[in-house]
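Take a look at the structure below.
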Protein chains: 4
Amino acid sequence: MLGKLQTPVIIVNFKTYLEATDEKAVELAKKAEKVSLETKVSIGVAPQFTDIANIAKAVSIPVFAQHIDPIQPGSHTGHLLAESVKEAGAMGTLINHSERQLKLSDIDAIIKITCEKGLVSVVCANNPAISASVATLKPEIIAIEPPELIGTGISVSKAKPEVITDTIKLVREINKKVIILCGAGISRGEDVKAALRLGTQGVLVASGIVKAKDPYTILREFAEAIRI
Amino acid sequence: MLGKLQTPVIIVNFKTYLEATDEKAVELAKKAEKVSLETKVSIGVAPQFTDIANIAKAVSIPVFAQHIDPIQPGSHTGHLLAESVKEAGAMGTLINHSERQLKLSDIDAIIKITCEKGLVSVVCANNPAISASVATLKPEIIAIEPPELIGTGISVSKAKPEVITDTIKLVREINKKVIILCGAGISRGEDVKAALRLGTQGVLVASGIVKAKDPYTILREFAEAIRI
Amino acid sequence: MLGKLQTPVIIVNFKTYLEATDEKAVELAKKAEKVSLETKVSIGVAPQFTDIANIAKAVSIPVFAQHIDPIQPGSHTGHLLAESVKEAGAMGTLINHSERQLKLSDIDAIIKITCEKGLVSVVCANNPAISASVATLKPEIIAIEPPELIGTGISVSKAKPEVITDTIKLVREINKKVIILCGAGISRGEDVKAALRLGTQGVLVASGIVKAKDPYTILREFAEAIRI
Amino acid sequence: MLGKLQTPVIIVNFKTYLEATDEKAVELAKKAEKVSLETKVSIGVAPQFTDIANIAKAVSIPVFAQHIDPIQPGSHTGHLLAESVKEAGAMGTLINHSERQLKLSDIDAIIKITCEKGLVSVVCANNPAISASVATLKPEIIAIEPPELIGTGISVSKAKPEVITDTIKLVREINKKVIILCGAGISRGEDVKAALRLGTQGVLVASGIVKAKDPYTILREFAEAIRI
């Protein structure tokens, strides 16, 4: 069960935090796995590229890359090949995170590559209109994250519920199947609960977990909020 | 000895070739290590980000990242942190490869980061003028690679020797210490020999080794050419 | 009548061709105006930024910028401000041309700016999926141009009619009002006729007119093809 | 005399300020010309692309573009062609302003294009190391501007004199001829005087003039500071 992605889901983006680099990344992934096992809530992790292989070996929960490039194998020094993150053990990838925004044609090309390679595509979007725009490209997951709330601890689900409800409305007119997550400022169980109540199928979270004094306890609180 | 970078040196850029991804990347790195052990010639490898950790565990030769970003730890999804490639086992990084060109101020910032973190900087340059420009920023290694010869099998050291001699002349006026490599089209031992004869301290090579039918034999030929 | 944009429409993209720079740009715009007057067919021109003011003074047909940046007035050296192209006399702007592709969030931001400033937005798209993606952002015009046909003289309307019909189908599911143009390889009147027959409301053309020996005659042929 | 660039020189960057767009840009350029005529101090202006032609017709002082792209005439929608800014009347162009930073290889390519086309190259640099790096590429003018002081009113020449003296020292080791300007925070005559005293040959200024209540008076103060 663990290896599969089920909804509701929590995806923890490790970004380039030192608290989630190298050995600390593996430890954090193990805590996520522990919570997932204890609560039966699906939890995925998105570590740095260099840590994917070690984490995929150490845990059974879904592992995501934070980005891949719209390239085929070949002469592309310094780029991120779909095959490389897949063979390292990633089951999918974030695409177009607000800290790594992409050209529209590259988003389209990367989603196509993830389909061909059997990777799960998690496309991030800044606002409801962009979420709808992304929905036409048929990714498996859309994560709506207002950039102005990222890292603030002010949760989108409480501070801007209309961003989430507008997103769901616009996206569902276009795409009935895509999984919709929300993110930005999610730091307590009640933020997660609010996100689900508004109609999302989970959350994308980063500093709320990674920079927490006790990531296990907070992640457990998130998972309990989903379970109840 | 193996772990240190000595000149003359051969650096093999794995790019995003499938022949040098995941397990095949580790195998190729082991062949490079074997040649290095047999010939006492310094050989480094620059695999994809996802393969750095496995390769650094499997071999004792220098491992390089293909790129890092000009960032500090923090909120930078999908970026390459110096600390992440270092903790994974890289001793340095390529910077500004012609397939991953950077803004001038980013090259400057990345070189400073490599100094702070104790990583070896290998800055690539398209032509003699750009090599001189880079030399002022005090990287440890400059690799001159005319992009129009990359992947052609037509070696810069034979087809455009003046590019190499002009580079050495211009760079040495500015920087006496920087190690100068050349690349592009290097596919036979005699190309390597020509490169050294022109005054470089080694070569940066990719398809000539990675796409070779028998990488071990070609790499051995390269190393012999250096040794003699 | 001339100053307004009516459909069907022909938009001539001057790109950075010398044949359509400075005085030659003004001359070409005058030829476009002449054909428009003679045939009552709406024809717009998209010259280089430096030529917008002179052309807008010299002719009465619609003038478009080739790009604007997603910025507000202020400290943005070397960028293209909506106000600057509008005050110079442009009535709208191309956005996301395949030779000047943009991040999805920038396309969204630029369309919003064009609405606020009363500029007509002409968003270019590479393929049917991207056209649909763009349609959700509510531009006034979408121009579908398969990049592999640009500049070839092989017209999309004859070589890849399914690209056009797929685009129209996908776009109309999302947006009933947006004007749909097609481009790439349009070089004869029959290409224009085919484009309209497939359901588009006009064409975006560049080298077919700009590089023609006799632009007036070809443009007249295009306009006749629309009129009949 | 006016049309030529002489040192010491003041270059006024109009950026994308509304106070320096369209007619207001022409008016501001006329004030600059008036001060130049009255004081015999060389003053250049760098307006937006759309305003170059009108300004070049209206005044006799040097006009600069704020950016050009490293392209040849052809199929490059939305780009800035050297020929287009030259034919519009610009005598040169800013390159690599901190608000429009470029890849190193593009800086090199653009400088070569300016040489071929007879345009004056004014390359901006963030710090002394980058200034030296740029000096190897042989532009006609280098403008050192610490980005953290831009728009602050805290002048580099008073707040960070060592940035200027370090720049001059490093640049002169490499290039004896290049004209060195400084910028960022220049807002009073004494800032200009300090800049010259430190060894520069003029200033690059933007908000200090453009956003001033009375640009003529401030610019006159700048010019007087140079004359005395």
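Computed from the coordinates by the stated procedures, all read-outs in this text should not be read as laboratory data. Source: prediction; values computed, not measured. All Cβ positions, even for glycine, are placed from backbone atoms using ideal geometry, and neighbour counts span all protein chains on display.
Tabulated results
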| item | result |
| --- | --- |
| Label spacing, shortest first and in nm, from D:Glu224 to its equivalents in the remaining copies (7 angstrom along Cα→Cβ) | 7.0, 7.3, 8.1 |
| Across A:Lys4/B:Lys117; D:Lys30/D:Lys86; C:Lys15/C:Lys117; B:Lys31/B:Lys112; A:Lys40/A:Lys193, pairs whose alpha-carbon gap is larger than 27 Å | A:Lys4/B:Lys117; B:Lys31/B:Lys112 |
| Nearby aspartates and glutamates by direct alpha-carbon distance to A:Lys160 (threshold 15 angstrom, same-chain neighbours under 8 apart not counted) | A:Glu145, A:Glu148, A:Glu190, A:Asp191 |
| Cα-based reach from A:Lys213 at 16 Å (exclusive), listing aspartates and glutamates while leaving out same-chain residues under 8 positions away | A:Glu19, A:Glu27, A:Glu221 |
| Compactness of the stretch C:119-228 as Cα Rg over 2.2 N^0.38 Å, two decimals | 1.01 |
| Alpha-carbon Rg with Dmax, taken over the stretch A:1-128, Å | 14.2, 45 |
| Calculated diffusion of the stretch B:100-161, Stokes-Einstein form, Kirkwood radius summed over Cα pairs, 4 °C and 1.567 mPa s, µm²/s | 103 µm²/s |
| Pairwise label distance in nanometres, D:Thr7 with B:Gln6, each label 7 Å out on the Cα-Cβ vector | 4.9 nm |
| Percent of Cα pairs exceeding the 16 Å cut-off, where the set is the stretch C:5-53 | 36 percent |
| Average beta-carbon neighbours from other chains, 10 Å sphere, peptide A:165-174 | 1 |
| Structure-based [θ]222 nm, the protein assembly as shown - -39500 (n - 2.57) summed over DSSP H runs of at least 4, per residue, nearest 500 | -12000 deg cm²/dmol |
| Cα gyration tensor shape of the stretch A:58-109, rounded if a/c is under 1.5, else prolate or oblate by comparing a/b with b/c | oblate |
| Share of Cα-Cα pairs in chain A lying beyond 22 Å, as whole percent | 46 percent |
| Isotropically averaged projected area of the stretch C:65-168, using the convex hull of Cα atoms (one quarter of hull area), nm² | 7.0 nm² |
| Pairwise FRET efficiency - B:Lys193 versus B:Lys57, Cβ, R0 = 35 Å, nearest 0.05 | 0.55 |
| Gained length - B:Lys24 relative to B:Lys177, 0.36 nm times residue gap less alpha-carbon distance | 51.5 nm |
| Cα pair distances exceeding 39 angstrom across the protein assembly as shown, given as percent | 49 percent |
| Shielding by partners, peptide D:82-93 (average Cβ within 10 angstrom, other chains) | 4 |
| Dipole moment magnitude, nearest 20 debye, the stretch A:49-120 about Cα centre, only Lys, Arg, Asp, Glu C-beta charged | 80 debye |
